[in-house]
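Readers should treat all values here as calculations from the given coordinates under stated rules, not as data from a laboratory. Not measured: the values here are computed from a predicted model. When we count neighbours, we look across all protein chains shown, and the Cβ atoms used for this are built from the backbone with ideal geometry, even at glycine.
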Amino acid sequence: MPPRCRGASGYHGIRVRPSGTYFAEIWSGDVHLGLGTFDTAQEGARAYDAAAWRLRRSRWDMNFTDVATRERAQELAPPPQLITDKDRRENRRRERRLSLAKMDEEAMVLWRQRFPQDIINEQ
């Protein structure tokens, strides 16, 4: 049976990025799960279907209804690394900390260049 087309990408849960790659995502209640970036919409749709099987969704919510079992879905798309909103918040916090540390290092280099006498006095 051919895949059921939905959305601009042609598949449910798949968005086209400006770079031409495809991003797969699925919602589970209030939690948004990012499934990753794929080169083709079909790869992303298979990952979406595998996640939908794991979340015990109806076969009608899937892109490819020809997959009869959860095991077959996992063969077609191995378990994705799920990225939750909490993971994104933690990653943004780490990036801010790294950015601040880098700005501190740059400020110290500039200070050493402008005030070499302070460095000599410290030693």
How do 101-111, 20-30, 38-48 rank on mean C-beta neighbours within 10 Å, highest first? 38-48, 20-30, 101-111
Computed FRET efficiency, Cβ-Cβ of ARG17 and LEU110, R0 35 Å: what is it to the nearest 0.05? 0.40
Along Cα→Cβ, 7 Å out, is where each label goes; now give me the distance between the ones at ARG92 and SER58 in nm to one decimal. 3.4 nm
